[in-house]
Amino acid sequence: MLFGGFLGATLVRVSPGFGVDEQELDSRLSHESIASLRQANASDSHLGAFYLHYLRRLLHGDLGTSRTLHQPVRQLLADRFPETLKSVGVGLAVGWALGLALAVATVMSRSWSVDLFSSLIAGVLLCLPAAMMALLFVIARAPGRLVLGLIVFPKVFYYSRNLLERSAALPHVLAARAKGLGSARVFLWHILPASGPQLLALAGVSVSVAFAAAIPVEVLCDLPGIGQLAWKAALGRDMELLVNLTMIITMVTLLANSAGDLLRNPVRAGAA
């Protein structure tokens with residue numbers, strides 16, 4: 001987490017334009033005012049000192065103060081993070097409902113036309129950038145949180161369909177079909193348990209995908225989450241805010257992937 005946060009701040013520090021305040025372009029400012037602005041921005045100029053100062057405050061639970069928004073970072077995160085969680089939750093629910101339902105319909109129907117239709121829809125959505133889909137939703141005045149569902153959907157569909165097809169071709173599944181068992185029973189008792197561990201791992205990965213896509217979606221759809229906050233912090237080269245936001249994204253990614261692994265391993269152990 002610390003490495004992810006510090007790496008993000010380092011990239012901002014070495015990027016062009018760091019240390020330059022947009023207010024300096026105001027022709028009404030005097031030389032003294034410009035010098036004062038540059039002096040205020042000089043506190044982050046030494047990267048090592050910035051990190052040591054940040055770690056010292058972090059040990060006391062202080063996340064710092066945003067230079068651009070002039071508010072405590074802790075308060076900004078407390079206000080924005082629930083909105084992002086709501087967006088990610090809606091996106092995951094919509095993406096998994098559509099992706100898994102279409103994957104199950106494709107595998108159980110065993111029809112090339114259903115497979116072709118589903119693959120075309122998922123392929124088109126997979127090719128569209130998140131920002132473009134968000135702009136289309138803005139134009140259509142549709143709920144912006146649904147964009148995350150359309151971003152998660154094709155990845156869930158393709159991976160789930162491949163897993164279910166592989167499980168449907170296993171010998172014990174073919175034997176169950178030959179005995180005349182119904183499609184629903186074959187799926188629930190034979191196909192789904194064989195694909196369960198991999199689907200749990202996919203659930204962890206999909207959280208990371210939705211969380212990363214929330215940044216451009218929240219910016220373009222004007223959703224007051226941490227994605228919009230990260231965009232404002234990047235524009236203002238706000239290192240205090242960027243370090244904490246990058247650490248949060250790193251933490252969510254690590255927790256989601258670790259949770260998928262922890263849920264997958266017990267299932268494998270039980271199957272063994």
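All of the numbers you see were taken from the coordinates with simple rules; none came from a lab. In this text, all values refer to a predicted model and were calculated from it rather than measured experimentally. Cβ sites come from the backbone with ideal geometry, for glycine too, and all protein chains shown count toward neighbours.
Based on Cα contacts under 8 Å between residues 6+ apart, the chain shows a relative contact order of 27 percent. Take the convex hull of the alpha carbons in the stretch 76-271; its mean projected area over all directions comes to 12.5 nm².
Ellipsoid fit via the Cα gyration tensor, the stretch 172-224: semi-axes of 40, 12, 6 Å, each the root of five times an eigenvalue, largest first. Give me the one-decimal nm value for the distance between modelled label points at Leu128 and Asn162, 7 Å along each residue's Cα-to-Cβ direction. Calculated label separation equals 2.3 nm.
Each residue of the stretch 106-119 was assigned a 3J(HN,Hα) from its phi angle through the Karplus expression (A = 6.51, B = -1.76, C = 1.60, θ = phi - 60°), giving 5, 6, 6, 6, 6, 10, 5, 5, 5, 5, 5, 5, 5, 5 Hz with x at Gly and Pro.
Look at Glu83, Glu218, Glu165, Glu240 and count the other Cβ atoms within 10 Å of each Cβ; fewest to most, that gives Glu165, Glu83, Glu240, Glu218. Near Thr65, the amide H atoms lying under 5 Å from its own belong to Val73; only residues 5 or more places off or on other chains count, and H is placed 1.01 Å from N. Exposed loop sites were defined as trypsin sites (Lys or Arg not before Pro) in DSSP loop states (anything but H, G, I, E or B) carrying at most 12 other C-beta atoms within 10 Å; in the chain the longest segment without such a site runs 180-272. Helix 226-235 sits at what angle to the longest principal axis of the chain, using alpha carbons and giving 0 to 90 degrees rounded to 10? Once rounded, the angle reads 40 degrees. For the stretch 151-157, putting each phi into the Karplus relation 6.51 cos²θ - 1.76 cosθ + 1.60 with θ = phi - 60° gives couplings of 6, 6, 3, x, 5, 5, 4 Hz, in residue order, rounded to whole numbers and with x for Gly and Pro.
May I ask you to work out the translational diffusion coefficient for the stretch 77-120 at 20 °C, viscosity 1.002 mPa s, via Stokes-Einstein with Rh from the Kirkwood sum over Cα pairs, reported in whole µm²/s?
175 µm²/s
Given +1 at the Cβ of Lys and Arg, -1 at the Cβ of Asp and Glu and no other charges, the dipole of the chain around its Cα centre is 1180 debye to the nearest 20.
Return the FRET efficiency for the residue pair Ala142, Asp261: r is the Cβ-Cβ distance, R0 is 45 Å, and the value is rounded to the nearest 0.05. The pair Ala142/Asp261 has a calculated efficiency of 0.80. With the simple model of a label 7 Å out from the Cα in the direction of the Cβ, Leu2 to Ala78 spans 2.6 nm. Counting Lys and Arg as +1 and Asp and Glu as -1 over every other residue whose Cβ lies under 11 Å from the Cβ of Ser183, the net charge comes to +3. At full extension, Ala175 and Asp62 could sit 34.5 nm farther apart than now, given 0.36 nm per residue minus the alpha carbon distance. Each residue in Leu55, Leu181 was given a count of other beta-carbon atoms within 10 angstrom of its own, and listing them fewest first yields Leu55, Leu181. Each of Ser33, Ser15, Ser118 was scored by other Cβ atoms within 10 Å of its Cβ. Arranged with the fewest first, they read Ser15, Ser33, Ser118.
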